[in-house]
Amino acid sequence: MFFYIIPRMSSDHPIQIPFILRGQEIAVQDLLYQSRDGTNQFHYPDPRPLLDRIVLSDPTQLQRDFASMRVSEIIDFLAEAGKAMTLNHARMEQACRFSVPFSALPESIVRGSYDLIPVVFSKLALRTMVENEIGSNYLDGWVEMPYADKIARRRAYGARTLHFISGNVPVVAALSIARAALIKSDNIIKVTPNDPLTASAIVGAMMDVDPNHPVTKHFSVVYWSKELQDFEHELIQPRYLEKIISWGGALGGINSTLNHGNLQASGIDVIALGPKFSISILGREAFQSSAEINQIAKRTAKDAGSFNMESCGSSRFHFVQASPGQAMEYARRLYDHMQHQDPSLSAMPKNFPADLRDEINATRAQDDFYYVVGGDRNEGAVVVSLTGDLPDFFPMHKVVVVIPFEDPLQLVDRIHPSTQTVGIYPETLKKPLRDLLVARGVCRFISIGHTVEYSIGGPFNSTEIMRRACRWILDESYPSQWELPGFYLRKAWQILKHHIL
């Protein structure tokens with residue numbers, strides 16, 4: 001059984017971070033990671049002598065291992081492993097506990113994120129994920145395409161992939177691993193210092209079920225520091241990799257040795273899920289009465305405070321079609337509701353930056369231009385721009401900026417291309433804004449109060465990750481002359497049947 005004990009962390013006794021290399025655990029204390037303030041440390045193996053074990057040198061091995069394995073069998077395997085991914089199991093509880101001092105999130109939110117991991121590995125979620133986004137039939141065999149003059153088939157194959165996962169929310173590791181396993185790819189997971197153990201615990205649960213399972217054998221979980229540029233340069237080569245998937249700003253780590261253009265020129269496909277932020281747009285219907293304002297603020301508080309704004313889906317800017325007085329009332333109600341939320345979703349900020357606190361205080365002093373609620377106890381704040389101008393700071397750590405507006409169409413030019421999710425109220429306001437906001441870069445629309453409820457198997461940051469992570473192969477055949485009459489008749493009937501049914 002794969003199992004590791006995580007002792008209590010101290011600066012005198014740094015924790016050991018194991019590597020998992022294709023079904024085997026490597027736990028040696030070669031190198032030391034230390035946070036800038038020296039409070040968080042861990043030992044980890046030196047990846048340089050392990051390169052041959054980290055990578056899959058023979059790409060044909062991937063196809064051989066999955067040649068007869070259907071997606072349904074992978075789902076059964078992942079779901080069985082998922083039963084051991086709850087906090088009731090020692091490995092996950094220890095990994096969660098270890099993550100707390102490294103994470104920017106308070107303990108209650110870290111634990112809440114860990115509670116989502118077994119949900120990701122449930123059979124229902126896994127099936128929904130693969131069928132909604134790609135279709136298991138494309139992963140299990142060749143699917144014929146409707147042509148009248150030829151036979152054309154396509155199929156999705158897994159690729160040799162390097163994942164730079166972000167550590168802002170632990171469930172990101174679960175989503176990355178589940179998607180990668182379902183598409184039968186080979187995977188190297190690079191973890192981050194703010195979440196160095198979640199991925200290892202998840203793959204460790206797979207090892208407990210079967211360390212020799214094809215899925216398990218095609219995962220390596222490793223860490224290396226930015227100082228190891230020689231190792232990074234040797235790893236990120238087309239002889240080892242076909243895809244790179246990078247969450248948030250994680251890809252920045254490879255810019256010291258390679259840039260996107262170089263990678264793509266070499267044949268490595270870079271899927272960059274860049275950092276985003278989200279907003280809310282509230283029409284005048286939200287401000288018909290104090291009771292309505294309170295109900296709307298209760299719903300948008302959930303959108304704003306989710307994961308203490310460590311998530312790109314957290315709503316940081318609230319555009320309100322309201323008078324200054326209504327906007328200030330909304331700010332007070334929003335602030336109150338943000339202080340009383342589910343602690344697994346939102347809690348007192350763990351480390352509130354001194355410079356952000358200073359910016360809020362400076363804004364508070366400009367009472368002709370801004371109205372500020374809260375911010376006295378590093379608990380977050382709501383800042384109303386009375387002039388419609390943006391403040392000098394970017395809202396984070398449960399600080400929200402409220403901006404009144406008059407005409408919804410005037411908002412379009414204020415939407416930044418990095419905007420991910422837009423919560424809109426009322427629903428009727430979506431239709432006139434949707435296409436215009438998509439043109440400005442918006443990726444997702446949602447009803448207010450539901451921004452954390454991502455649709456499983458849906459696009460993320462305008463990308464269908466599983467589909468893009470596959471290698472799509474085409475097989476075309478042209479029938480010989482003696483086959484043509486019967487061939488065309490069969491094809492004509494297939495096409496006719498397709499349109500009729």
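The values are calculated or read from the model by the stated rules, or taken from the named source; none is laboratory data. All values derive from a computational prediction rather than experimental measurement. All Cβ positions, even for glycine, are placed from backbone atoms using ideal geometry, and neighbour counts span all protein chains on display. The accessibility values were calculated without ligands, DNA or RNA, using every heavy atom of the protein model including side chains. Shrake-Rupley method; radii C 1.70, N 1.55, O 1.52, S 1.80 Å.
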Rounded to the nearest 10 Å², the 1.4 Å probe accessible area of GLU464 is 70 Å²
With all protein chains present and a 1.4 Å probe, the order of ASP186, ASP140 from largest accessible area down is ASP140, ASP186
Taking only protein heavy atoms and a 1.4 Å probe, the highest-to-lowest accessible-area order of ARG434, ARG364, ARG444 is ARG434, ARG364, ARG444
Here the relative contact order (percent) of segment 69-177, from C-alpha pairs under 8 Å and at least 6 apart, is 27 percent
Taking Cα atoms only, helix 324-338 is inclined relative to the longest principal axis of the chain by an angle, in degrees rounded to 10, of 60 degrees
Rounded to two decimals, the Rg over Rh value of segment 50-199 from Cα coordinates and the Kirkwood Rh reads 1.04
For 279-292, 98-111, ranked highest to lowest by mean beta-carbon neighbours within 10 Å, the order is 98-111, 279-292
A chain fully extended from GLN61 to THR39 at 0.36 nm per residue, minus the present Cα-Cα distance, gains in nm 3.6 nm
Distance in Å, no decimals, from the C-alpha centre of segment 125-193 to the one of segment 40-104 is 16 Å
Each label sits 7 Å from Cα toward the beta-carbon; between SER108 and ARG284 the label points are separated, in nm, by 3.9 nm
Between ARG434 and VAL119, Cβ-based FRET efficiency (R0 22 Å, step 0.05) works out to 0.15
Projected onto the charge dipole of the chain (unit charges on the beta-carbon of Lys, Arg, Asp and Glu, signs +1, +1, -1, -1), the Cα from VAL372, SER344, TYR240 with the largest positive-side position is that of TYR240
extent check for segment 206-247: Cα max minus min per principal axis, descending, whole Å, gives 35, 22, 20
Between ARG153 and LEU228, Cβ-based FRET efficiency (R0 56 Å, step 0.05) works out to 0.85
Taking only Cα atoms of segment 362-492, the Rg to Rh ratio with Kirkwood Rh works out at 1.28
Helix 354-364 sits off the longest principal axis of the Cα atoms of the chain, rounded to the nearest 10 on a 0 to 90 degree scale, by 40 degrees
Normalised Cα Rg of segment 171-216, dividing by 2.2 N^0.38 Å with N its residue count, works out at 1.11
Counting only backbone N atoms under 17 Å from a point 7 Å out along Cα-to-Cβ of MET348, the residues of segment 93-123 in range are 101, 104-110
Fraction of alpha-carbon pairs in the chain farther than 45 Å apart, rounded to whole percent, equals 21 percent
Working note, segment 121-173: Cα radius of gyration (Å, one decimal) and Dmax (Å, whole number) are 16.0, 52
Toy charge model, Lys and Arg Cβ at +1, Asp and Glu Cβ at -1: segment 60-152 dipole around Cα centroid in debye, rounded to 20, equals 280 debye
If the label point sits 7 Å along Cα→Cβ of HIS416, residues of segment 350-392 with amide N under 13 Å come out as 390-392
Expressed in Å to one decimal, the Kirkwood Rh of segment 295-416 from all distinct alpha-carbon pairs is 14.4 Å
Quick calc, the chain, dipole around Cα centre from Cβ unit charges on Lys, Arg (+) and Asp, Glu (-), nearest 20 debye, gives 1120 debye
Helix 430-439 sits off the longest principal axis of the Cα atoms of the chain, rounded to the nearest 10 on a 0 to 90 degree scale, by 70 degrees
If the chain between THR463 and SER323 were fully extended at 0.36 nm per residue, the gain over the current Cα-Cα distance would be 46.6 nm
So the FRET efficiency between ASP210 and PHE394, C-beta based with R0 = 51 Å and rounded to 0.05, is 0.65
Quick tally, 1.4 Å probe accessible area for LEU32, LEU56, sorted with the most first, runs LEU32, LEU56
Candidate cut points under trypsin sites (Lys or Arg not before Pro) in segment 26-67, DSSP loop plus at most 12 other Cβ atoms within 10 Å of their own Cβ, are ARG36
Per residue, the convex hull enclosing the Cα atoms of segment 4-118 spans a volume in Å³ of 136 Å³
For segment 53-104, the percent of all C-alpha pairs falling in each 5 Å bin, from 0 up to the bin holding the max distance, is 4, 15, 12, 13, 14, 16, 14, 9, 1
Relative contact order in percent for the chain (Cα pairs under 8 Å, 6+ apart) equals 17 percent
Projected convex hull area of segment 167-249, Cα atoms, direction-averaged, in nm², equals 5.8 nm²
For the chain, whose charge dipole is built from +1 on Lys and Arg Cβ atoms and -1 on Asp and Glu Cβ atoms, the candidate among LEU356, PRO49, LEU62 with its Cα farthest towards the positive end is LEU62
